[in-house]
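The values are calculated or read from the model by the stated rules, or taken from the named source; none is laboratory data. As the structure is a prediction and not an experimental result, all values here were calculated from the model. So basically every Cβ, Gly included, is an ideal-geometry build from the backbone, and we count neighbours across all protein chains shown. The accessibility values were calculated without ligands, DNA or RNA, using every heavy atom of the protein model including side chains. Shrake-Rupley method; radii C 1.70, N 1.55, O 1.52, S 1.80 Å.
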Amino acid sequence: MKKRAYFLLSLAMVSIGMLWVLNLKVTTRYGINYVQYEKKIPLYLKATRFVTRHLEMKFLMNDIISDKPSQKEKLEALFQWVIQNIKLHPPNMPVIDDHPWPIIVRGYGDHDQLNDVFSLMAMVAGFKACYTVLVQPVKKNRYPMAFVFYQDRWIAFDLKQKKAFFDVPGVVITDDCLKRNLGQFPLKRLWWEIIHAY
């Protein structure tokens, strides 16, 4: 009888401890019109959102690429899907930057967000991919781009211009994809271009 009582007491204490931990306040960040905000939410809510977004993204990827036999066809399908389904944000709507999944749900985003969404989709689909902003050293022009590692090389994607490129002159892209030094423009060796606007 004592063992049962100890077990029930231990179970109750562990449950109370877990409830306490799950209700701890954690910080979540988001941006509206390029101003960053923070708010506190319970840990269980942040964890639930993380898992839900991941599962939703996996389900979407299955819809888009499950019938594509080759890696190139999968990349092209993802590229086309973003262009067809996520529009540049309307001028009268705020630019909201929270996570790529709500951008997909809203169906619009700024040009950097299109590249961010595409790189995340490529990662979920099994590619090595990243999003970064390239900066010209002299003019300081900023070029948000997505990169996907395909057939032993990095491919640069510009979702706003609906183009993909084999090489980016002057850029040494490391495995962590964090080099942000763009020497020359325009990009060269066009891989493919979506000619028709959707």
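Farther than 23 Å from Val51 by Cβ, surrounded by 14 or more Cβ atoms within 10 Å (Cβ to Cβ), at pLDDT below 75 and of a type in the set (A, V, I, L, M): does that describe Leu114? Before the answer, list the steps.
Working: farther than 23 Å from Val51 by Cβ: yes; surrounded by 14 or more Cβ atoms within 10 Å (Cβ to Cβ): yes; at pLDDT below 75: no; of a type in the set (A, V, I, L, M): yes.
Criteria not met by Leu114.
One residue stands out in region 123-144 among those that are part of a strand (DSSP E or B), of a type outside the set (Ser, Thr, Tyr) and within 12 Å of the chain's Cα centre (by Cα): the one that is modelled with the lowest pLDDT, namely Cys130.
Comparison of Lys74, Lys46, Lys58 shows that the only residue that is farther than 26 Å from Ala164 by Cβ, basic (Lys, Arg) and outside any loop (DSSP other than H, G, I, E, B) is Lys46. Residue count for region 63-77 satisfying the condition of being under 17 Å from the mean Cα position of the chain (by Cα) and exposed (fewer than 12 other Cβ atoms within 10 Å of the Cβ): 0. Pairs, please: C-beta under 6 Å, at least 6 apart or cross-chain, first residue under 18 Å from Gly107 (Cα atoms) and polar (S, T, N, Q) and in region 33-61, second open to solvent by less than 60 Å² (accessible area, probe 1.4 Å) and not in a helix (DSSP H, G or I)? Matching pairs, first to second residue: Asn33/Pro94; Asn33/Val95.
Remark: pairs (first residue in region 121-135, more than 15 Å from Glu73 (Cα to Cα) and open to solvent by 40 Å² or more (accessible area, probe 1.4 Å); second residue assigned to a helix (DSSP H, G or I) and hydrophobic (A, V, I, L, M, F, W, C); Cβ separation under 9 Å; 6+ apart in sequence or on different chains) = Lys128/Ala122; Tyr131/Val117; Tyr131/Phe118; Tyr131/Leu120. Scanning region 100-111 for residues that are open to solvent by 40 Å² or more (accessible area, probe 1.4 Å) and in contact with a Leu (Cβ under 9 Å, 6 or more places away or on another chain) yields Trp101, His111. Within region 81-94, not a single residue is assigned to a helix (DSSP H, G or I), among the aliphatic types (A, V, I, L, M) and free of Cβ contacts under 8 Å to residues at least 12 places away in the same chain.
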